[in-house]
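Only one structure is covered here, and it is reproduced in the block below.
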Amino acid sequence: MDLNDRARGSGSRNPCGGAGNTIKGPHSALTDYLQEIGVSRHFRERRRAEAAAAAAAAAEPTAATQGQVQAQGPEQPPASNQGELGADSADAALARDLQDEENEEAALEESGVGTSRMATRNRNRQHMAVVVAPITEEAVEAESSKGKGKGAARGKGRGKKKPKKDSDSESDFHKSDDEANQREGLNRSSARKGGHMRSCEVCNKRFLQRGEYDESDRLLCPNCQRSVDKAQNEVSAVSKRARAVASSTAAPKRRRLKKTADGLLELEAGLPSLQDLCVRAIAKHVDQVESFGDISVQSLNKLCRIICKMRVLDESTLGLFLGADRTSVVLYDCTRLARNALERIVEMSPNVQTLALEYCGRLDAGVLDAFGVGLRQLAKVQLEGAFLVDDKAWAKFFREAGPRLRSFQVRFSGFGPAAMRALITHCEGLEELRVSECTDFNDDCLGMLAAPLTETEEALQEPERLLRDTEKIEVVPWRPLARLKSLDLGHPHLAMSSATATRVIRALGSQLRVLNLSGFKDVDDNFLLLGLAPHSEHLQELSLAECNSISAEAMTQFFAQGADATMGRGLVRLSLNRCYLLTDAVLHAVVRHSCCSLRSLDLNSVDDFMTEQGLLALAGGALPVEGEEVASSVVKGCPYLEDIDLSWVRCTTDSVLEKVLEACGRLEKVMVYGCPEVSIFAPTRPGLSYVGRVCDTL
Amino acid sequence: MSTTVKLVSGDGFTFVIDKHVAEHSPTIKNMLDVSHGGAFTEALTNEIKFPEIKGKVLEKVCQYLHYKHRYAAEGSTDRVPDFNFDLELSLELLMAADYLDC
């Protein structure tokens, strides 16, 4: 390290200074570290001072010398620079120095904070000055430019002031340290220097005070010192100008080191954002929730969203959303909540009725068990991403909590046959079921929703019996889920057979309001026409996304048949996402089926056979069927349509949209990803937004 | 072309600040942007209403924007004072900060 210091030191002797002194030689990790916090600061300040001087040189050609004192940061009023016009004498400089200091001190007094901080800085400056003086004098002689940098003047000035304060016993010690300091490689606050531990007068923190202690000065820690400096500098307009100049020409911003709670030093890039500051404050004072005042449920929910978006929902901030009076706990990102944090939910909010945890990857069987046992009021459960929970754990959970559950939604979990069987057995009151993207969910599980065929009864009973292996309890015979109104089995990972689906829909279809069979690639026309069609009286939301085995004719027939029954008041939401094979006729039939009720239509990628005629059906251009009275409502199209997804339906053009918009007065959102014909001139109106237009991308 | 912008809080307080300062919030910047597409009303009138943000909170936000304007460009990051606010404000301030993305 010494080698490097010397290298740097010699480099800095170059009177031109500045960018020329790049560090040469090997870098140890320590060197880099020092460079980061120590040396770089020095260079930065020096460069800034030089820049300030260079800028001031526009008024008068003053070149800053390399002997610039380290302590002279940007706050130094360059008034001293400008005032140095021509006056070369050290006395004048000294007088000016004293004047400056007095000014600073006076300003400090005004700002109400003592002068000791100033004095501390002065002291430090003085230390610099002693050593700086001999070198700068050489430099000054070497330089041809007139006027002198602050450093030289101050060095000389300080040199004169110094002996007054020095005590003999310490002088040598300090001098040698100053020499060490003078080597530009070393940070002023290097541990080698030594000093005394003092307590700050303002904040009572202990800090290491370098150098001498002047009895008459107030003793302030570096943080308080800096605040005072800043406060003092706000008084001086000139310094502001210099800062503006300096900052515009300064070297690239160095990152500040921040000590985190772990004691690790963390590099902080720039200023913390207001969101960061708020979250930090909240996290620190989570226990004093009362001091936050009354928060409405919506605000709390919004807060939770924000905190989860910033990925800072963890043990400390969790407390904000729990409490004995909370009936609903909805957390959007539980990645940082470990097992014990999740179990805290049970401890702190035992009365929850709604529990929704997304990204709860760390939730395991034990936690689920705690939920089942501890949350006696649990009625609605939504767990996404609980992949550690396996089949048996679910079954156990249903045994405990099943009878209470009214809504159960799970995604990406180990939900399999045993769990399904337990669900069927225990959750009689279930109204809403969603099992989506679970790798163990197989055709048998699907089959359990319908009455078991005699030959498979035993097989279905098997998982349940296995679970009850310790007790010889009679396995409850199958019962249908009589209250089920909403069934979502979207995107299963294993193949689902059409026959099973047909059976299920025959059993449950009539009671369902919401049905989502996205990703059931194998369900075919029979399912639709023989299974769903007769059993969809109450169906309001239907999703047959990716059901590519259903032909367009069958789809048309399904809607056409249903139109008589529904009289236009059919579905509220329909998704035919990625059903590539559908034709115009399907859309016409859809309009006839649900024109008066349809609010949301998803035709993403229904592109192969779709033409403008099909889309115009939405605008009232439905082709009348031969011999049939065209209902007047149909002619108008879908007036209640609010959002439509026409992504990748390449026949969508501006003119089609115009007609559709005319007919659909309530349309708010139109998704048109991948529609090259939709241009910037597509018709708009207040309240309508296009998502995914090619011209909207930056 | 004025260089100040008026921020109106939900409870009727008005804050007039420099445009350069206000544009430290990307949300506000986009509202005042006239470069591409159509200009929003806010850009034409130089007045932005925040019906969901209270006066106290908006005041703190303005202070933060000034704080950011002052210290963000500066090189010596180790002399920047802390930005303080009351704990009672912190929740609402978080929501406002999230909306303004600052």
Check your understanding: Taking segment A:309-343 as the search range and keeping residues that are open to solvent by 10 Å² or more (accessible area, probe 1.4 Å) and touching a Phe, Trp or Tyr at 6+ places or on another chain (Cβ under 6 Å), which one is nearest to the other protein chains (Cβ to nearest Cβ)?
Key -> A:D333
Check your understanding: Is there a residue in segment A:338-348 that is within 30 Å of B:C102 (Cβ to Cβ) and part of a loop (DSSP other than H, G, I, E, B)?
Key -> no
Check your understanding: Quick check, is B:D82 at positive phi and within 12 Å of another protein chain (Cβ to nearest Cβ)?
Key -> no
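Residue check: is A:V346 within 14 Å of chain B (Cβ to nearest Cβ) and without any contact (Cβ under 8 Å) to a residue 40 or more places away in the chain?
Here the answer is no, as A:V346 does not meet what is asked.
Taking the options A:A422, A:A395, A:A370, A:A401, name whichever one is assigned to a helix (DSSP H, G or I), on the phi < 0 side of the Ramachandran plot and open to solvent by 10 Å² or more (accessible area, probe 1.4 Å).
Residue meeting the stated conditions: A:A370.
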Check your understanding: Hey, any hits in segment B:51-66 for a residue that's closer than 30 Å to A:K230 by Cα, open to solvent by less than 30 Å² (accessible area, probe 1.4 Å), away from chain A (no Cβ under 14 Å) and assigned to a helix (DSSP H, G or I)?
Key -> yes
**Study point:** Of all residues making up segment A:261-280, the number that are at the interface with chain B (Cβ under 7 Å from one of its Cβ atoms), at pLDDT below 85 and surrounded by fewer than 21 Cβ atoms within 10 Å (Cβ to Cβ)
**Key:** 1
Point to revise | Among residues of segment A:404-413, those that are open to solvent by 10 Å² or more (accessible area, probe 1.4 Å) and assigned to a loop (DSSP other than H, G, I, E, B), counted | key: 2
Check your understanding: Would segment A:185-195 turn up any residue that is at pLDDT below 70, exposed (fewer than 15 other Cβ atoms within 10 Å of the Cβ) and in a helix (DSSP H, G or I)?
Key -> yes
Exercise for review: Go through segment A:428-445 and give me each residue that's among the small types (G, A, S) and touching a strand residue (DSSP E or B) at 6+ places or on another chain (Cβ under 9 Å).
Suggested key: A:S436
Practice item. State whether the residues of segment A:509-516 include one that is among the polar types (S, T, N, Q) and buried (at least 20 other Cβ atoms within 10 Å of the Cβ). Key: yes
Point to revise | Tally of residues being under 18 Å from A:V572 (Cα atoms) and assigned to a helix (DSSP H, G or I) across segment A:634-659 | key: 2
Practice item. Just give me the residues in segment B:23-50 being in a helix (DSSP H, G or I) and among the β-branched types (V, I, T), in sequence order. Key: B:T27, B:I28, B:T41, B:T45
Revision key, fill the gap. Checked pairs for segment A:380-403, first under 21 Å from A:G429 (Cα atoms), second assigned to a strand (DSSP E or B), C-beta under 6 Å and 6 or more apart or across chains, list as A:K380/A:T354; A:K380/A:S407; A:V381/A:L355; A:V381/A:F408; A:Q382/A:A356; A:Q382/A:Q409; A:L383/A:L357; A:L383/A:V410
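Within segment A:568-576, is there a residue that is hydroxyl-bearing (S, T, Y) and touching a helix residue (DSSP H, G or I) at 6+ places or on another chain (Cβ under 6 Å)?
no
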Point to revise | Where B:D98 falls short, out of the listed (1) open to solvent by 50 Å² or more (accessible area, probe 1.4 Å); (2) acidic (D, E); (3) under 27 Å from A:C308 (Cβ atoms); (4) assigned to a helix (DSSP H, G or I) | key: (1)
Exercise for review: With the condition kept exactly as written, say whether any residue in segment B:27-47 is touching a residue at least 60 places away in the same chain (Cβ under 8 Å) and more than 9 Å from chain A (Cβ to nearest Cβ).
Suggested key: yes
**Study point:** segment A:673-698, residues that are within 27 Å of the chain's Cα centre (by Cα) and in a loop (DSSP other than H, G, I, E, B)
**Key:** A:Y673, A:G692, A:R693, A:T697, A:L698
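The values are calculated or read from the model by the stated rules, or taken from the named source; none is laboratory data. The structure displayed is predicted, hence computed values, not measured ones. Cβ: placed from backbone, ideal geometry, glycine included. Neighbour counts: every protein chain shown. Note: accessible area is taken over every heavy atom of the protein model, side chains too, but ligands, DNA and RNA are not part of it. Shrake-Rupley method; radii C 1.70, N 1.55, O 1.52, S 1.80 Å.
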